[in-house]
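Colleague: Here it is: the structure, laid out below.
Just so it is clear, none of the values below were taken in a lab; they were calculated from the coordinates. Predicted model only: the values in this text are computed from it and were never measured. Because the Cβ atoms are built from the backbone with ideal geometry, glycine has one as well, and the counts that use them run over all protein chains shown.
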Amino acid sequence: MLNSLSKNMTIASLALLAAIPAAAQDNGPAFTVVETGQGFYRLADAVEAIGGNDATIVIAPGAYGDCAVQTAGRITYRAEIAGQTVLDGGICEGKASLVLRGKAATIDGIIFQNQRVPDGNGAGIRIEKGDLYINNALFRNAEQGILSADDPSAEIVITRSTFQRLGRCDRGLSCAHSVYIGDYGSLTVRNSRFEKGSGGHYVKSRAPRVSIAGSSFDDTSGRATNYMIDLPAGATGTIANNVFVQGQNKENYSAFIAVAAEGREHSSSGLNIHSNNAGLANGVERNTWFVADWSGDQIRIANNSLGRGLSRYERR
């Protein structure tokens, strides 16, 4: 299973393996608005200068404790060199390094790490409104990678990105997850990697439509984790061509994928779960289920390769 995982996952790797500077170098303003050529020493100042316009902020290599709140416009946040720009622990509004509620935001080649807040929901990105597109990003060592509010008119698309050592369920607080999407219009995850979770689910989404494909969920070194994909309100769409490995240290090992565990807010009729490869990590001896379903809808589960101890489907 692990050999299969390695062969299948060539994503989100080369750019993010570049050496990362320990701190930003003082070579002038680190945040440049491409359209105007203006440079800024603070990310928040660059965002404020853009206002309601469409623009790109290029961020120089380095590690920054900055954070910013985007309230308008369409902004692209792009690393000058992919994998060498780090937003390290900065928090705005007690939420995240980037708090987004403009028309749209695009993230390209940036590393987010070490986000923590008193309520246990510190995130690299808090998306509250508008579309979000993430490419070639890395989220690690934080309470959550991405956390969203509700925006049924918008979409979230994640491609070629990695999520590691994220999530928590402790201190009597609500759990945090690697990715937690609220009632957004849709969630798409492509060619991405989830690994070494530290609590909660790897992907939890209340969006009515999902497409999760070509990605890996490697729970081998996970700690107190739960489902790999949780669709708590139900959803239609596709979960296909992914690799799943469940590790030993689980808070809940009863299923890999859960559908409508918290209610039937959305129809799951026609949800298509196919062509996935799933199994237990080496040395793990237990029986569990690939899909647990509370929806009662007609779900298609076909052509999945399931390892020892793993049964295809249970209606709950």
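Colleague: What order do you get for 298-306, 160-168 when each peptide is scored by the mean count of other beta carbon atoms within 10 Å, highest first?
Modeller: Numbers: 298-306: 14.3, 160-168: 24.8.
Per-residue mean Cβ counts within 10 Å order the peptides as 160-168, 298-306.
Colleague: Once label points are set 7 Å from the Cα along Cα→Cβ at both D150 and K103, what is their separation, rounded to one decimal in nm?
Modeller: Reported label-point gap for D150 and K103 is 2.5 nm.
Colleague: Quick check: from the Cα gyration tensor, does the range 110-162 come out rounded (a/c under 1.5), prolate or oblate? Mind showing how you got there, number by number?
Modeller: Values: a/c = 3.20, a/b = 1.20, b/c = 2.66.
It comes out oblate by the Cα gyration axes.
Colleague: What does the C-alpha gyration tensor say about the overall shape of the range 227-277? Classify as rounded when a/c is under 1.5, otherwise prolate if a/b is larger than b/c, or oblate.
Modeller: Cα axes put the range 227-277 in the oblate bin.
Colleague: Per residue of the range 212-221, in order, report the coupling 6.51 cos²θ - 1.76 cosθ + 1.60 (Karplus, θ = phi - 60°) as ³J(HN,Hα) in whole Hz, putting x for Gly and Pro.
Modeller: Running phi through 6.51 cos²θ - 1.76 cosθ + 1.60 with θ = phi - 60° gives 10, 8, x, 10, 10, 10, 9, 8, 3, 9 Hz.
Colleague: Skipping prolines and chain starts, which residues have an amide H placed within reach, meaning under 5 Å, of the one on R206, given they are 5 or more residues away or on another chain?
Modeller: Sorted by chain and number, the residues that satisfy this are I181, G182, Y184.
Colleague: Let me ask something else. Along the range 290-302, what does the Karplus equation 6.51 cos²θ - 1.76 cosθ + 1.60 (θ = phi - 60°) give for ³J(HN,Hα), rounded to whole Hz, x for Gly and Pro?
Modeller: Per residue, the Karplus-derived 3J(HN,Hα) values read 6, 10, 10, 10, 9, 6, x, 7, 7, 9, 9, 10, 8 Hz.
Colleague: For the chain, build the convex hull from the C-alpha positions and give me its volume per residue in Å³.
Modeller: 117 Å³
Colleague: Classify the range 153-299 from the C-alpha gyration tensor, please: rounded if a/c falls under 1.5, else prolate or oblate depending on whether a/b exceeds b/c.
Modeller: Because its axes are fairly even, with a/c under 1.5, the range 153-299 counts as rounded.
Colleague: Pulled fully out, how much extra length does the chain show between L173 and Q298, if you take 0.36 nm times their separation in residues and subtract their Cα-Cα distance?
Modeller: Result: 41.5 nm gained on full extension.
Colleague: Roughly what % of DSSP beta bridges within the chain run antiparallel, to the nearest 5?
Modeller: Antiparallel: roughly 5 percent of the beta bridges in the chain.
Colleague: Scan around T106 for amide H atoms under 5 Å from its own, H built in the peptide plane at 1.01 Å from N, and keep only partners 5 or more places away or cross-chain.
Modeller: I75, T76, Y77, Y133
Colleague: Just need the relative contact order of the chain here, percent rounded to a whole number, with Cα pairs under 8 Å and 6+ apart. List each step's numbers first, then the result.
Modeller: On the way: 1043 pairs, mean separation 32.1, N = 316.
Worked out over the chain, it gives 10 percent.
Colleague: A follow-up question, please. Karplus couplings for the range 62-75 from phi (6.51 cos²θ - 1.76 cosθ + 1.60, θ = phi - 60°), rounded to Hz, Gly and Pro as x?
Modeller: x, 10, 10, x, 6, 9, 7, 10, 9, 10, 7, x, 10, 10
Colleague: Using the Cα centre of the range 38-183 as the reference point, and only Cβ charges (+1 on K/R, -1 on D/E), how large is the resulting charge dipole? Debye, rounded to the nearest 20.
Modeller: 300 debye
Colleague: What does the highest-first list of 268-281, 30-43 look like by mean Cβ count within 10 Å? Before the final figure, lay out each step's value.
Modeller: Values: 268-281: 19.4, 30-43: 16.5.
Ranked from most to least packed, the peptides come out as 268-281, 30-43.
Colleague: Any idea how far apart S311 and N252 come out in nm if each label point goes 7 Å out from Cα toward Cβ?
Modeller: In this crude label model, S311 to N252 measures out at 1.8 nm.
Colleague: Order the peptides 201-213, 245-257 from the highest to the lowest mean number of other Cβ atoms within 10 Å of their residues.
Modeller: By packing density, highest mean first, the sequence is 201-213, 245-257.
Colleague: What whole number of Å gives the distance from the Cα centroid of the range 115-167 to the Cα centroid of the range 272-296?
Modeller: Here the answer is 25 Å between Cα centres.
Colleague: Quick one: which residues, 5 or more positions from A255 or on another chain, have an amide H under 5 Å from its amide H? H modelled 1.01 Å from N in the peptide plane, none for Pro or chain starts.
Modeller: The answer is W289.
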